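See structure below.
Every read-out reported here was derived from the displayed coordinates using simple, explicitly stated rules and does not represent laboratory data. Values in this document were obtained by computation on a predicted structure and should not be read as measured data. Cβ placement follows ideal geometry from the backbone for every residue including glycine, while neighbour counts extend to all protein chains displayed.
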Amino acid sequence: MNIYLDGIGKKFNTEWIFRNVSLELLSGGTCAILGRNGSGKSTLLQIIAGSIHPTSGTIRYELNGRDIPDNLIFRELAMVAPYLEMIEDFTLEEMLDFHFSFKSYLPGINANKLKDILDLKIRKSKTIRQYSSGMKQRVKLALAFFSDVPLLLLDEPVMNLDKAGMEWYLQLVKEYSGKRTLIICSNQHAQESAFAVKSLQIEDFKS
C-alpha cells in the first residue's frame, strides 16, 4: 500500500499538536514516527488509521493502482496500540475466532499454527484477563501480524515485552512483514524501530 500525507496538521481546541506533516511511503516501506510521550505520535498514527480526522492537510491511500476511500481504510490495516484493548473475558481461541471473523489469516497461517508461534503454554480455559501484560502484548502483535492486510500500524509495539519478547517481536518483523507497509511509533526503544528505512521526528512539526 502507498500512503501520501500532504500538510497534515491536528489541532485540539486552540492548540496545534503538529502542523504540515508530509510523507510519502510506498508499498513495502517502513517508517518510524519518533518523539516523546505526549508529542503527538499516536495522534498522527490514528489519523493514518482513519480513526480521527486531520484539522488540515490531506491523506491518500493507494493499493494496486487504485485509491482507497478514507472511510474504508480500516479494512486494509491491522493496528497494535496501548489504547486498543482485547476482549479479556475471551480465551485465546475465542479471541482468534472473533478477530479472524473480520480479517483473513495470512496465507499459510491458521489458528493452530498461530498458537504454536505464540507458544504461550497456557490452559485452553484461561481467559486473556488472566494473562500477564507481556503475554497480552504478544497476542496483540500476533493478531496484527497474521492478519492478511497490506498496512501494519504499531504504536509502541514492545511495551511490556521482556528481552525474549523483544527478540520474538523482531522475528515477527523479519519473517512476516513481507511487502506490507509498516509504520511504528516509538519513544524510547531504538531497537523496536531500528529496521525502519524512513523516520519522522514529530516534534519537528510543532507550530
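Would you pull out the residues with amide H under 5 Å of Ala32's amide H, same chain only if 5 or more places away, H placed 1.01 Å from N?
Residues meeting the amide H criterion: Ile184, Lys198, Ser199, Leu200.
Run the count for segment 1-131, please: Lys pairs, Cα-Cα under 30 angstrom, 8 or more apart or on different chains.
Pairs that pass both the separation and distance tests number 14.
Taking the Cα centre of segment 2-205 as origin and charging only Cβ (+1 Lys, Arg; -1 Asp, Glu), how large is the dipole, in debye to the nearest 20?
Dipole of segment 2-205, to the nearest 20 debye: 280 debye.
Provide the percentage of antiparallel DSSP beta bridges, counting only those with both residues in the chain; round to the nearest 5.
Looking only at bridges with both residues in the chain, the antiparallel portion is about 50 percent.
Net charge near Thr55: determine it from the other residues with C-beta under 10 Å of the C-beta of Thr55, scoring Lys and Arg +1 and Asp and Glu -1.
Here the count lands on +3.
Which FRET efficiency, nearest 0.05, do Leu120 and Lys174 yield, Cβ-Cβ r, R0 22 Å?
E between Leu120 and Lys174, to the nearest 0.05, is 0.60.
Could you work out the helix-only [θ] at 222 nm for the chain, with each DSSP H run of four or more residues adding -39,500 (n - 2.57) and the total divided by the number of residues, to the nearest 500 deg cm²/dmol?
Value at 222 nm, helices only: -7500 deg cm²/dmol.
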